[in-house]
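Input: a single structure, listed below in structure tokens.
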């Protein structure tokens, strides 16, 4: 499912939306992903949607209301369940070594990001600046995922593969490293040899998290 199909499916399911609202939401998603929320004007969205700017404000009081009208249903109805289902493909499979788990997780998330790039770009770009988005992410994804990761970290700690730090600390250290890779690649647009960069990242995590001999 591409990000366009995800958005299209969501819009088709909502009978309360007018045709103009659907056009506005599609245009806003594309503009926010391309330029960011702050740099996108409602006039640009209106032109892309083929409507008058006043039409936007008849349906959405502010530009932020428009952003949340895209993000909230995406998070609740589609993005959250898809992320959880997709993650479970890796989380439900047992890997002998921690680095094998990390590599599978990176590949899984990369495939997801490339299928749903526009919507995810909006989250990555805007979550640091909007507490509403952070709260939605924590409620619909964060709480459900973190506990699974803690169990996995404790499993590898019991096998002696990960240093005896609090599992939440290990999750934070690993997640910040991997998220940094994805942000550089998909938000900033840094170009590199993906396979080599992933190998270096896994090597870095393994060296930092492996117990001392």
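What do you get for the angle between helix 80-91 and the principal long axis of the chain? Use alpha-carbon atoms, 0 to 90 degrees, nearest ten.
That works out to roughly 20 degrees.
Could you check the spin-label model distance between residue 64 and residue 144? Points 7 Å from the Cα along Cα→Cβ, value in nm.
Here the answer is 2.7 nm between the modelled labels.
Nearest 10 degrees is fine. How inclined is helix 98-115 to the longest principal axis of the chain, computing both from alpha carbons?
10 degrees
Could you please rank 16, 158, 69, 41, placing first whichever residue has the fewest other Cβ atoms within 10 Å of its Cβ?
16, 158, 41, 69
May I ask you to order 109-119, 184-194, 128-138 by the average number of other C-beta atoms within 10 Å around their residues, highest value first?
Ranking, from highest mean packing down: 109-119, 128-138, 184-194.
Which of 24, 152 comes first, and how do the rest follow, when ranked by fewest Cβ neighbours within 10 Å?
With the fewest neighbours first, 24, 152 line up as 152, 24.
Helix 3-13 versus the longest principal axis of the chain: what is the Cα-based angle in degrees, 0 to 90, to the nearest 10?
60 degrees
Starting from the exponent 0.38 and prefactor 2.2 Å, build the expected Rg for the stretch 3-209 from its residue count and divide its actual Cα Rg by it.
Normalised Rg, Cα atoms only: 1.15.
Run the numbers on the chain and let me know its relative contact order in percent, using alpha-carbon pairs under 8 Å that are six or more apart.
Relative CO of the chain lands at 22 percent.
Residues of the stretch 92-112 with backbone nitrogen within less than 19 Å of a virtual label 7 Å along the Cα-to-Cβ line of residue 195, please, listed as ranges.
100-111
None of the figures in this text is laboratory data; all of them are computed from the coordinates on show. What you see is a predicted model, and the numbers here were worked out from it, not measured in a lab. Note that we place each Cβ from the backbone using ideal geometry, even for glycine, and neighbour counts take in every protein chain shown.
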